[in-house]
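See structure below.
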Amino acid sequence: MPTYIPTASPALYVASQASEYSSNTWRRHITALLSAEGLWDIVTGAEQRPEFILDGDWDLRAGQAAGIIYLNLPDAIKPLAAPHLHDCITMWT
């Protein structure tokens, strides 16, 4: 059974089998993690980066989302995502 490891941030989803990464199961679990952390709207683009950022909160949250996605990818796929490490939207699509 997959395991959710709650941390301050980022959250990790540990697949019980490598085959879960090639199915929609992985995507559903990461969507749930991002939603639980309040980051899903950033990943989908529903929450746009504000034109004027006073406290950097959006950038911090976008970085957290990118970290969750990247850290939960299988090692074989991480090199493909690495160029987009700071762009959670591109990494997700």
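The values are calculated or read from the model by the stated rules, or taken from the named source; none is laboratory data. As the structure is a computational prediction, the values presented were derived from the model and not from experiment. Cβ sites come from the backbone with ideal geometry, for glycine too, and all protein chains shown count toward neighbours. Side chains included, ligands, DNA and RNA excluded: accessible areas come from the protein's heavy atoms. Shrake-Rupley method; radii C 1.70, N 1.55, O 1.52, S 1.80 Å.
Side notes on the structure shown:
- Formal net charge of residues neighbouring Asp57 (Cβ-Cβ distance under 15 Å; K, R +1; D, E -1): -4
- In the context of the full set of protein chains, residues of the range 26-93 present 60 Å² of accessible surface per residue (probe radius 1.4 Å, heavy atoms only).
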